[in-house]
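The values are calculated or read from the model by the stated rules, or taken from the named source; none is laboratory data. In this text, all values refer to a predicted model and were calculated from it rather than measured experimentally. Cβ coordinates were reconstructed from backbone atoms using ideal geometry, including for glycine residues, and neighbour counts include every protein chain displayed.
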Amino acid sequence: MRKVIMVGLAVIMSLGLAITGCAGEEEKVVTVGNKNFTEEYVVGQLMKQVLEENGFKVNLVSDLSTMALREGMEAGDIDISADYTGTAWMVHLGHAYEPGVDNNELYQMVKEEEEKGNGFIWLDPMWNNNTYAFACWPEFAQENNLTALSDLAALYEAGDVTFEMFLDFEFSTRPDGLPGLEEHYGFKVPEDSLKTAAPGASLLALEAHQTDLSMVFGTDALIAKHGWHVLQDDKAFFPPYDLTPYIRKEVLDKYPEIEDILNKLVATFPGGGKSATPAIVGQGQKAWQELNARVDIDKLEPDEAAREYLVKHGLIKE
């Protein structure tokens with residue numbers, strides 16, 4: 001009888017330990033936030049899905065403005081997001097941008113100040129530089145030997161301008177737009193060869209072959225759709241805007257594995273984890289042009305485009 005009682009007690013104790021063990025396994029929960037445009041919808045889903053694949057429960061707060069997302073990070077309501085180095089430096093940290101700072105330098109400046117002053121840890125950048133750029137059809141670039149903005153400046157300086165440039169009106173007047181660009185590269189665009197209109201019109205004009213050269217953003221989906229040539233900003237006039245995941249320090253201290261998980265995601269993009277070069281930035285832009293095109297042109301939902309990408313790169317199971 002005593003033996004039966006002892007065996008019964010052992011079984012009860014084992015069950016109790018098992019239950020306690022299960023209860024003691026704390027659920028890993030984080031909140032990811034993203035902004036309110038295609039690229040941010042996609043990166044929010046990329047981070048959400050890859051974290052879920054690694055055992056996290058992820059609450060996704062989507063469709064936020066730049067300032068609302070930052071306020072959520074500062075208040076502790078959002079744990080992880082991805083923002084742009086240029087936005088962080090000039091908007092969140094309040095610095096004036098000086099032309100000539102390259103992608104690597106700006107990333108390091110943001111990373112160091114954010115960690116010391118705000119308790120935010122910036123992980124590896126994606127080097128997609130979604131900043132102002134100029135694009136043209138490939139045949140136009142080939143005919144005029146255009147690779148970089150310095151080549152364009154040389155054409156204007158030679159005085160033999162028979163082509164048109166199309167800009168957003170705001171870009172044509174703001175100091176970090178055309179006036180600053182002309183000063184930085186040392187050229188002047190003749191007024192009779194310049195067209196301006198509302199945002200987005202320059203893309204449509206180039207698509208319809210109604211202009212030769214248009215202002216775009218570095219990861220616009222139409223660049224991938226049409227195979228446009230984007231001129232390199234070889235003298236670093238435009239602020240770099242490299243999309244980079246960042247996380248509140250207390251969350252990373254609690255879940256240090258997140259750094260490796262998200263850096264592995266970044267490593268699937270060109271140059272992930274390495275220093276930027278013009279070639280790497282160009283490849284990063286192309287990768288994001290194609291991802292954005294899956295949503296804007298092919299009409300996938302952002303979660304579908306993200307899942308497709310993650311499966312392709314072996315980060316989640318099909």
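Which one of these does Ala293 not meet: (1) in a helix (DSSP H, G or I); (2) small (Gly, Ala, Ser); (3) in the same structural domain as Gly100 (by TED's automatic domain parsing)?
The number of the failed condition is (3).
Restricting to segment 22-34, count the residues that are outside any helix (DSSP H, G or I) and surrounded by fewer than 24 Cβ atoms within 10 Å (Cβ to Cβ). It would help to see each step written out before you state the result.
We begin by selecting, within segment 22-34, every residue outside any helix (DSSP H, G or I); these are 25-34.
Subset that is surrounded by fewer than 24 Cβ atoms within 10 Å (Cβ to Cβ): 25-31.
The total comes to 7.
Just checking, which of Leu252, Leu181 is surrounded by 18 or more Cβ atoms within 10 Å (Cβ to Cβ) and either in contact with a Lys or Arg (Cβ under 7 Å, 6 or more places away or on another chain) or in the same structural domain as Trp137 (by TED's automatic domain parsing) (or both)? Before the answer, list the steps.
On the way: Leu252 fails: either in contact with a Lys or Arg (Cβ under 7 Å, 6 or more places away or on another chain) or in the same structural domain as Trp137 (by TED's automatic domain parsing) (or both).
Result: Leu181 is the single residue among Leu252, Leu181 that is surrounded by 18 or more Cβ atoms within 10 Å (Cβ to Cβ) and either in contact with a Lys or Arg (Cβ under 7 Å, 6 or more places away or on another chain) or in the same structural domain as Trp137 (by TED's automatic domain parsing) (or both).
Can you pull out the residues in segment 268-281 that are surrounded by fewer than 17 Cβ atoms within 10 Å (Cβ to Cβ) and in contact (Cβ under 8 Å) with a residue 12 or more places away in the chain? Reasoning before the result, please.
The first filter runs over segment 268-281 and keeps only residues surrounded by fewer than 17 Cβ atoms within 10 Å (Cβ to Cβ), leaving 273-275, 277-279.
Correct list: Gly273, Ser275, Pro278.
Taking the conditions exactly as written (in the same structural domain as Lys48 (by TED's automatic domain parsing) and within 30 Å of Lys195 (Cα to Cα)), does Pro270 satisfy them or not?
On the way: in the same structural domain as Lys48 (by TED's automatic domain parsing): yes; within 30 Å of Lys195 (Cα to Cα): no.
Judged against the criteria, Pro270 is not a match.
So which of Val216, Val161 is within 24 Å of Pro270 (Cβ to Cβ), outside the structural domain of Gly76 (by TED's automatic domain parsing) and out of contact with any Asp or Glu (no Cβ under 8 Å at 6 or more places or on another chain)?
On the way: Val161 fails: within 24 Å of Pro270 (Cβ to Cβ).
Only one candidate qualifies: Val216.
Pick out the one residue from Ala287, Ala306, Ala293 that is closer than 30 Å to Gly72 by Cβ and touching a Leu at 6+ places or on another chain (Cβ under 6 Å).
Details: Ala287 fails: touching a Leu at 6+ places or on another chain (Cβ under 6 Å); Ala293 fails: touching a Leu at 6+ places or on another chain (Cβ under 6 Å).
Going through Ala287, Ala306, Ala293 in turn, the sole match is Ala306.
How many of the residues in segment 147-192 are among the hydroxyl-bearing types (Ser, Thr, Tyr) and free of Cβ contacts under 8 Å to residues at least 40 places away in the same chain? Quick ask: steps written out before the conclusion?
Taking segment 147-192 and keeping what is among the hydroxyl-bearing types (Ser, Thr, Tyr), we get 147, 150, 156, 162, 172-173, 185.
In the following step, the residues that additionally are free of Cβ contacts under 8 Å to residues at least 40 places away in the same chain were identified as 156, 162, 172-173.
So the answer is 4.
In segment 210-237, which residue that is touching a helix residue (DSSP H, G or I) at 6+ places or on another chain (Cβ under 8 Å) and of a type in the set (Phe, Trp, Tyr) is surrounded by the fewest Cβ atoms within 10 Å (Cβ to Cβ)?
Looking at residues that are touching a helix residue (DSSP H, G or I) at 6+ places or on another chain (Cβ under 8 Å) and of a type in the set (Phe, Trp, Tyr), I get Phe237.
Out of segment 35-53, which residues are surrounded by fewer than 19 Cβ atoms within 10 Å (Cβ to Cβ) and under 13 Å from Leu310 (Cα atoms)?
Glu52, Glu53, listed by residue number.
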